[in-house]
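Asks: Mind looking over this structure? Questions follow.
The values are calculated or read from the model by the stated rules, or taken from the named source; none is laboratory data. None of the values given here were measured: they were computed from a predicted structure. Reconstructed Cβ throughout: ideal geometry from the backbone, glycine too, with neighbour counts over all protein chains shown.
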Amino acid sequence: MQLSSHDPPSAVRSILLVSVLLLLATLVKLYLNSRRPKHFPPGPAPFPIIGNLPELPPTKAFLKFHEWGKQYGDIIGLKFGPQNVVILNNYKHIKELFDKRGAIYSSRPESYVGNQLVCPGEIHVLLIPYSPAWRKLRKCFHQLMTVSSVDALLSLQAAEATKTVHDIINDPEGYYNHLRRFASGVMLASTYGKRGRRFEDKVIQDLYAVQHDFTEVLAPGFMPPADEFPILKYIPEWIAGWKRKARAVGRAQMKLYRSLLEEGQERAQKGELKDCFLKTLIKDRNEGKNELNEAQLAYVAGIFTLRWRPVAPGGVPHVLTEDNVYGQYMIPKGTMLLANTWSIHQDESEYDNPSEFRPERFLDNKFGSIKKESDGENERRRTTYAFGAGRRVCAGQRLAENGLEIAAAKIVWAFDIVPSAPIDSSIESAYTDGFVVVPKRYAAKFVPRAKERASIVAKEAEEAERFLSRFD
Ligand code: HEM
């Protein structure tokens with residue numbers, strides 16, 4: 001056959017043909033990978049290639065998982081593109097999988113955004129897969145946060161809580177920021193031996209800014225799905241603004257933690273650093289007890305502040321490292337599992353009227369559940385799943401619980417908290433979006449319960465100030 005002058009030369013035709021075949025092969029592979037595996041837990045039918053991704057809301061996906069739970073049961077199988085995902089909406093599954101089979105249910109997703117762009121170099125204990133690097137970081141947390149070293153912070157937490165109550169008495173309108181300062185104040189003093197006196201202080205503002213950006217870029221759906229569709233990783237950075245944003249967030253965070261670390265190191269050299277986690281970290285490193293590099297050291301110290309936040313209702317993903325049979329289901333290696341704390345804590349078969357705020361339910365039953373505390377099924381049950389479970393369970397749980405208890409006790413003792421307008425308490429509208437969900441400012445008045453209580457607080461605040469001045 002004669003080639004016309006318009007026909008492309010054969011080399012070009014071959015390249016075109018190969019490209020078309022490659023594209024087809026990729027599409028077929030993506031299509032096959034987006035199908036549900038055999039014996040996978042029940043769930044909505046996935047779309048070809050993209051799976052269930054289009055059905056996910058841009059924020060608060062845990063609410064959608066809760067809704068699906070009513071339709072499909074308390075273990076749901078989903079497809080995020082080629083990624084297998086299992087949602088656990090009942091504590092029994094968490095107990096069986098995360099707690100009892102922790103050796104294989106404790107990894108994390110590879111997370112291109114988290115582990116390559118924001119925190120490269122295996123520095124973030126929360127994000128990195130189950131590995132020797134994770135073990136090293138986790139061991140360091142355990143060495144630092146023994147029961148006795150955490151409980152030694154009770155007086156600091158009490159002093160900061162008293163200061164917070166006193167600040168609210170003097171400036172009731174500013175209650176929201178006084179409460180937010182409390183957490184940062186405790187963490188700055190206990191970690192860096194440094195004072196965080198006012199919410200407006202630069203260091204507290206910087207901490208809130210980096211935490212906000214960090215949780216934003218890690219919230220599911222905020223960034224393009226580069227783990228599910230790796231081709232996105234190859235888009236050059238000058239075109240992909242999302243990559244530049246993620247790197248900038250990581251740089252800002254590291255800059256802040258490094259500056260706090262360097263400032264602490266300087267004070268340590270001059271012998272002026274008060275007892276704090278950083279002092280222990282530096283001492284342990286000098287004595288060869290921890291092998292963290294400088295970046296890891298800055299980050300470990302930083303995490304003490306980073307994680308001081310209310311509940312992550314959607315959970316933090318765990319990844320399964322080998323195929324596993326669970327009851328009638330087969331969960332393939334590489335599956336990402338989410339302990340959906342929201343559903344676990346809203347389970348009507350476990351709690352009487354779960355949506356009601358009724359602390360009394362915990363008075364004679366530490367689980368607050370309908371079942372008796374001594375019920376055989378409660379064995380190895382956790383009192384809360386807000387801190388996750390298994391080998392990746394929150395390393396700061398005791399510290400966080402101590403602080404919450406002290407602050408709540410002092411606030412409830414000092415104030416009647418009364419609505420100044422109807423209070424919206426709906427999870428959809430009254431709480432922030434993102435991977436960490438906190439209440440927005442609400443219409444409440446903090447009214448001192450009695451004059452005498454206000455004067456007791458004023459007196460205690462003087463003592464608290466004397467105690468806290470060591471961190472000035
Ligand atoms: C109310 C406050 C807090 C809540 C609700 C919370 C919640 C969580 C959750 C849900 C996880 C993931 C658990 C899992 O994967 O199963 C986690 C991990 C972690 N938390 Fe917290 N946390 C809080 C405070 C803290 C504090 C104060 C610290 C440090 C002082 C801390 C340090 C960590 C660390 C290091 C991890 C990573 C564990 C790992 O992946 O090995 N957290 N936290």
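Asks: Kindly establish whether residue 139 is away from the ligand (no atom under 12 Å from the Cβ), of a type in the set (Lys, Arg) and under 20 Å from the mean Cα position of the chain (by Cα).
Replies: Numbers: away from the ligand (no atom under 12 Å from the Cβ): no; of a type in the set (Lys, Arg): yes; under 20 Å from the mean Cα position of the chain (by Cα): yes.
Against the criterion (away from the ligand (no atom under 12 Å from the Cβ), of a type in the set (Lys, Arg) and under 20 Å from the mean Cα position of the chain (by Cα)), residue 139 does not qualify.
Asks: Now a separate question. Name the helices (runs of 4 or more DSSP H) wholly inside region 71-173 in which the number of residues that are among the polar types (S, T, N, Q) is 1 or more. Steps first, answer last, please.
Replies: Values: elements: 91-94, 132-144, 147-151, 154-170.
Result: 132-144, 147-151, 154-170.
Asks: From 114, 102, 73, 81, which residue is out of contact with any Asp or Glu (no Cβ under 7 Å at 6 or more places or on another chain), among the small types (Gly, Ala, Ser) and away from the ligand (no atom under 15 Å from the Cβ)? It would help to see each step written out before you state the result.
Replies: Working: 114 fails: away from the ligand (no atom under 15 Å from the Cβ); 102 fails: away from the ligand (no atom under 15 Å from the Cβ); 81 fails: out of contact with any Asp or Glu (no Cβ under 7 Å at 6 or more places or on another chain).
Just a single option satisfies the conditions, and that option is 73.
Asks: For the structure I just gave you, tell me whether residue 446 is in contact with a Leu (Cβ under 7 Å, 6 or more places away or on another chain) and outside any helix (DSSP H, G or I).
Replies: Details: in contact with a Leu (Cβ under 7 Å, 6 or more places away or on another chain): no; outside any helix (DSSP H, G or I): yes.
It is false that residue 446 is in contact with a Leu (Cβ under 7 Å, 6 or more places away or on another chain) and outside any helix (DSSP H, G or I).
Asks: Which strands (runs of 3 or more DSSP E) sit wholly inside region 309-412 and have at least 2 residues that are away from the ligand (no atom under 16 Å from the Cβ)? Quick ask: steps written out before the conclusion?
Replies: On the way: elements: 324-326, 329-331, 336-339.
Strands (runs of 3 or more DSSP E) meeting the threshold: 324-326, 329-331.
Asks: Specify which of the listed residues (34, 4) is modelled with pLDDT under 95 and buried (at least 20 other Cβ atoms within 10 Å of the Cβ). Walk me through how you get there before you give the answer.
Replies: Details: 4 fails: buried (at least 20 other Cβ atoms within 10 Å of the Cβ).
Every option except 34 fails the conditions.
Asks: Collect the residues in region 190-204 that are more than 22 Å from residue 442 (Cα to Cα) and more than 13 Å from the ligand (Cβ to nearest atom), keeping them in residue-number order. Can you show your working first?
Replies: Within region 190-204, the first condition is being more than 22 Å from residue 442 (Cα to Cα), and the residues that meet it are 190-197, 201-203.
Matches in region 190-204: 193, 194, 195, 196, 197, 201, 202, 203.
Asks: Which one of the conditions (1) within 27 Å of residue 196 (Cβ to Cβ); (2) exposed (fewer than 11 other Cβ atoms within 10 Å of the Cβ) does residue 448 fail to meet, given that it meets all the rest?
Replies: (2)
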